[in-house]
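Notes follow the structure.
Read-outs throughout are calculated quantities, based only on the coordinates presented, and are distinct from any laboratory measurement. The model shown is predicted, which means the values in this text are computed figures rather than measured ones. All Cβ positions, glycine included, derive from the backbone under ideal geometry; neighbour counts span all protein chains shown.
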Amino acid sequence: MTYAHDMPTVAHAARTDAGLASELRLSVMRLRRRLATERHPDNELSLGAMTVLGCLFRHGDLPVGELAARELVRPPSMTRTVNALADLGQVERRPHDTDRRLVVVHLTDLGRATVLADRRRRDAWLARRLRDLTPEEREVLRRAAPLLERLSS
């Protein structure tokens with residue numbers, strides 16, 4: 001049987017690249033799960049649907065195939081998500097600006113408002129949690145944020 005006192009501490013485990021990878025994975029996944037629970041109570045969209053809205057918010061109009069590639073899902077799955085979002089008025093399909101054979105997915109005003117409300121709520125929760133940290137700890141996170149972004153791409 002393994003006891004907690006037999007487990008390496010976070011500081012000890014993070015001394016190696018493998019230990020750091022393990023600690024970062026666990027911490028980032030826990031933070032993501034916690035942020036996922038900080039949704040607006042009126043928002044009944046799935047996390048996958050919110051991810052699609054967020055992608056359109058960041059990148060603008062995209063064809064379904066490109067949305068699927070960015071979100072690492074198959075095009076038929078993305079088509080189902082886009083259809084559901086279109087039925088709710090969150091997105092609409094439009095002809096491509098230069099290639100009329102293509103259709104792009106466009107974020108509607110309702111979709112934009114949904115993304116912004118969701119982000120405001122999650123950002124407020126995280127800002128409250130950051131206030132519990134020391135100025136030095138917040139500075140470490142300021143320096144780490146661009147590195148985490150690089151790791152995620």
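Highest mean packing comes first when the peptides 39-46, 86-93, 72-79 are listed by Cβ atoms within 10 Å, giving 86-93, 72-79, 39-46.
Between G111, V73, G89, the Cα set farthest toward the positive side of the dipole of the range 47-113 (charges on each charged residue's Cβ, about the Cα centre) is that of V73. Indicate the gyration tensor shape class of the range 22-69 (rounded, prolate or oblate), computed on the Cα atoms with a ≥ b ≥ c the square roots of the eigenvalues: a/c under 1.5 is rounded; otherwise a/b larger than b/c is prolate and the rest oblate. The shape class here is oblate. Summing Cβ point charges (Lys, Arg +1; Asp, Glu -1) relative to the Cα centre of the range 47-113 gives a dipole of roughly 140 debye.
Taking Cα centre as origin and charging only the Cβ of basic (Lys, Arg, +1) and acidic (Asp, Glu, -1) residues, the dipole magnitude of the chain rounds to 80 debye.
For the chain, what is the mean residue ellipticity at 222 nm derived from helices alone (per DSSP H run of n ≥ 4: -39500 (n - 2.57); sum divided by total residues; nearest 500 deg cm²/dmol)?
Rounded to the nearest 500, the figure is -21000 deg cm²/dmol.
Of R100, R33, R122, which has the largest mean-square fluctuation in a 10 Å C-alpha GNM of the chain? Comparing R100, R33, R122 in a Gaussian network model of the chain, the most mobile one is R100.
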